[in-house]
1. Being modelled with pLDDT of 90 or more and among the charged types (D, E, K, R) is the filter here; which residues of the range 104-119 pass it?
2. Quick one: ALA71 ticks every box in (1) at pLDDT 95 or above; (2) in a helix (DSSP H, G or I) except a single one, so which number is it?
3. Taking the condition assigned to a strand (DSSP E or B) and within 26 Å of VAL8 (Cβ to Cβ), does ALA96 pass?
4. Of the residues LEU53, LEU62, which is on the phi < 0 side of the Ramachandran plot and not in a helix (DSSP H, G or I)?
5. LYS88 fails exactly one of the following numbered conditions: (1) within 26 Å of PRO155 (Cα to Cα); (2) charged (D, E, K, R); (3) modelled with pLDDT of 95 or more. What is the number of that condition?
6. Which of the residues spanning the range 35-50 are assigned to a helix (DSSP H, G or I) and not hydrophobic (A, V, I, L, M, F, W, C)?
7. Do we find that LEU122 is within 14 Å of the chain's Cα centre (by Cα), modelled with pLDDT under 90 and within 23 Å of LEU47 (Cβ to Cβ) in this structure?
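The values are calculated or read from the model by the stated rules, or taken from the named source; none is laboratory data. All of these numbers come straight from a predicted model, not from anything done at the bench. Please note: Cβ atoms are built from the backbone with ideal geometry, for glycine as well, and neighbour counts cover all protein chains shown.
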Amino acid sequence: MKRGNREVRIIGGIFRGRKLRFPEDAIIRPTPDRVRETLFNWLQPFLHGARCLDLFAGSGALGAEALSRGASRAVFVDASRSAITALKATLEQFRAEGAEFVIDNAGHFLREPGGPYDVVFLDPPFGEGHLEPALAQLAAKGCLAQGAFLYIEQPNKQPLPPMPAHWHLHREGHAGEVAYFLFRNLPPSQP
């Protein structure tokens, strides 16, 4: 995304090439195209009919990409009313089915998160300390389906917080200032 550009392009699926626009007042750092392309290449075999949670949705690029590629449901959660309003308007223009929108902070939403989810996208604002509490709440609530995927994006130099034993690292990558990880929720007998 170019500096000052307030849009992000969907890379694949039925909405390929369409753009999500987000408002000037929303502080949003969309996942870079290259990272999204890699992530969705990893996830593609598992997306058909998947139930997704895009926590800290921001531009909504991760959840929208999942819907574009065959997910049946994507719940977009963000504390920014303007970001959710813009995302909802855009996905309605796309006639995207299965999108749900929640204006809330992640901690409050995770008290009653619904689910279970097959894919959870966790890309919180960098440097604000949201990742570790969100991981703890996700683990405590059991809102990941067995075999579910958990995507984490964070600054490249930052170590990952402790992860529950049943969340196994599936893939990882680095791009510029970003480190990204895909974990899978598997019982001890299925590493």
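1. Result: ASP104, ASP118.
2. Status for ALA71: all satisfied but (2).
3. no
4. LEU53 is the lone residue from the list that is on the phi < 0 side of the Ramachandran plot and not in a helix (DSSP H, G or I).
5. Every listed condition holds for LYS88 apart from (1).
6. Correct list: ARG36, GLU37, THR38, ASN41, GLN44, PRO45.
7. So LEU122 does not fit the description; no.
Every residue, every condition in (1) of a type in the set (Gly, Ala, Ser); (2) in contact with a Phe, Trp or Tyr (Cβ under 6 Å, 6 or more places away or on another chain); (3) modelled with pLDDT under 90, yes or no:
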position	(1), (2), (3)
ALA134	yes, no, no
ALA140	yes, no, yes
LYS157	no, no, yes
PRO164	no, no, yes
HIS168	no, no, no
GLU172	no, yes, no
ALA175	yes, no, no
